[in-house]
Amino acid sequence: MQLSKAGYYADFVVYPAMLVPLGAVAVWGGTWPQRTVWALACLAGIASWTLLEYVMHRAVLHHVPPFRGMHDLHHAQPAALVGTPTWASAAFVGGGVFVPLWWLAGLNISSGATFGLVLGYLWYVLVHHAIHHRRAHAGSYLHRAKRRHGEHHHLRQTCNFGVTTACWDRIFGSTRAH
């Protein structure tokens, strides 16, 4: 959906702020073995984000109304301030990830996994914004991501669904080499 400037940039403020209390659990929340478990949960959260990013982009944003219409607007106007409202994504993170994991696995694992997921999402938001609004130096990570995503935008949207990584496109056969 089309967002106001404040709505679009809210992710850049809210998600770093979310990382602070989630990270505090690791810093002040226990013994070294518990911190190790937190770190492993964090890595699992990051990995989970990359798969979630791919599935959401390929399956939901390209096939499920009303998300498809919102995403079509992004394809038509790539530099427009189009995205998911922060309140909606934050509600998903809190109610769909953090609370159920806390109930199932405890605060340590829940905060670690949620930290990783939020970090992955924040990385996605930053990379996707930079792809559409910044210049990239040839050969850089951003340049490669920008080329891959550009092909997604201009080749009838049938390839390169991963924004932060091409890993899942390779695994699921939806990658297109430059």
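A short reminder: the numbers here are calculations on the coordinates, not readings from a lab. Fair warning: this is a prediction, and the values are worked out from it, not measured in the lab. Note: ideal-geometry Cβ built from the backbone for every residue, glycine included; neighbour counts use all protein chains shown.
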*What is the gain in length, in nm to one decimal, between Tyr9 and Thr36 on full extension, counting 0.36 nm per residue of separation less the C-alpha to C-alpha distance?*
6.4 nm
_Loop-located trypsin sites (Lys or Arg not before Pro) in the range 117-167, at most 12 other Cβ atoms within 10 Å (DSSP)_ = Arg134, Arg135, Arg156
*asked:* Using the Kirkwood formula on the Cα atoms of the chain, what hydrodynamic radius do you get, in angstrom to one decimal?
replied: 17.2
*Return the FRET efficiency for the residue pair Tyr141, Trp103: r is the Cβ-Cβ distance, R0 is 35 Å, and the value is rounded to the nearest 0.05.*
0.40
*For the range 23-77 and the range 147-167, compute the distance between their C-alpha centroids and round to whole Å.*
18
*Helix-derived [θ] at 222 nm for the chain: sum -39500 (n - 2.57) over DSSP H runs of at least 4, divide by residue count, nearest 500?*
-21000 deg cm²/dmol
*asked:* Suppose the chain between His133 and Met70 were pulled fully straight at 0.36 nm per residue; how much longer would it get relative to their current alpha carbon spacing?
replied: 20.8 nm
*Three principal axis extents, largest first, for the C-alpha atoms of the range 91-178, in Å?*
44, 27, 21
